[in-house]
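**Q** First the structure, which I've put down as structure tokens, then a few questions once you've had a look.
The values are calculated or read from the model by the stated rules, or taken from the named source; none is laboratory data. Every value quoted in this text rests on a predicted model; they were computed, and no experiment measured them. All Cβ positions, glycine included, derive from the backbone under ideal geometry; neighbour counts span all protein chains shown. The area values use the complete protein model at the heavy-atom level, side chains included, leaving out ligands, DNA and RNA. Shrake-Rupley method; radii C 1.70, N 1.55, O 1.52, S 1.80 Å.
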Amino acid sequence: QGHLIESGGGLVQAGASLRLSCAASGLTFRSYCMGWFRQAPGKEREFVATIGWRGATTHYADSVKARFTISRDDAKNTVYLQMNNPKPDDTAGYYCAADIGETYTDDREYDYWGQGTQVTVSS
């Protein structure tokens, strides 16, 4: 019943900025923790960032801390990932996810997933 749709991916040069969006429907958005994950070719899906109820808490992978910012707008049922100073190693498919529980970094804890949006960072 929950549906997530990511947008905003594309080709970006290293050092530029990009903002990903994830629009949610079919759920009471403010009741869900939201997360961003990514998966590069040949790699397992990895945690990027998560934001708790009403945006009270956030967590980031060490690899993106101080460069990426997760935020949410409950009035718009949307979660964002602001990517500043992206690096080629950030190239991956980016997925948003929703969890009725707490703020988890384990992707197994999330209940709903979007289709993903590709981010390619060129040097």
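**Q** Read through the list (1) open to solvent by less than 10 Å² (accessible area, probe 1.4 Å); (2) part of a helix (DSSP H, G or I), then give the number of the only condition that residue 54 fails.
**A** Exception for residue 54: condition (1).
**Q** Being closer than 22 Å to residue 106 by Cα and free of Cβ contacts under 8 Å to residues at least 40 places away in the same chain is true for just one of 51, 70. Which residue is that? Spell out the reasoning first.
**A** On the way: 51 fails: free of Cβ contacts under 8 Å to residues at least 40 places away in the same chain.
Being closer than 22 Å to residue 106 by Cα and free of Cβ contacts under 8 Å to residues at least 40 places away in the same chain holds for just one of 51, 70, which is 70.
**Q** With small (Gly, Ala, Ser), in a strand (DSSP E or B) and either open to solvent by 60 Å² or more (accessible area, probe 1.4 Å) or touching a Lys or Arg at 6+ places or on another chain (Cβ under 8 Å) (or both) as the only criterion, which of 23, 75, 49 stands out? Write out each step before concluding.
**A** Values: 75 fails: in a strand (DSSP E or B); 49 fails: either open to solvent by 60 Å² or more (accessible area, probe 1.4 Å) or touching a Lys or Arg at 6+ places or on another chain (Cβ under 8 Å) (or both).
Going through 23, 75, 49 in turn, just one is small (Gly, Ala, Ser), in a strand (DSSP E or B) and either open to solvent by 60 Å² or more (accessible area, probe 1.4 Å) or touching a Lys or Arg at 6+ places or on another chain (Cβ under 8 Å) (or both): 23.
**Q** Let me ask something additional. Tally the residues that are out of contact with any helix residue (DSSP H, G or I) (no Cβ under 8 Å at 6 or more places or on another chain) and open to solvent by less than 50 Å² (accessible area, probe 1.4 Å), restricting the search to the range 101-119.
**A** Residues flagged as out of contact with any helix residue (DSSP H, G or I) (no Cβ under 8 Å at 6 or more places or on another chain) and open to solvent by less than 50 Å² (accessible area, probe 1.4 Å) within the range 101-119 amount to 8.
**Q** Let me ask you something else. Count, please, the residues in the range 27-43 that happen to be open to solvent by less than 50 Å² (accessible area, probe 1.4 Å) and in a loop (DSSP other than H, G, I, E, B).
**A** Summing the residues that are open to solvent by less than 50 Å² (accessible area, probe 1.4 Å) and in a loop (DSSP other than H, G, I, E, B) in the range 27-43 gives 3.
**Q** For the range 84-100, enumerate the residues that are touching a Gly at 6+ places or on another chain (Cβ under 8 Å) and open to solvent by 40 Å² or more (accessible area, probe 1.4 Å). Lay out the reasoning, then the answer.
**A** Of the residues in the range 84-100, the ones touching a Gly at 6+ places or on another chain (Cβ under 8 Å) are 85-86, 93-99.
Passing the criteria: 85, 95.
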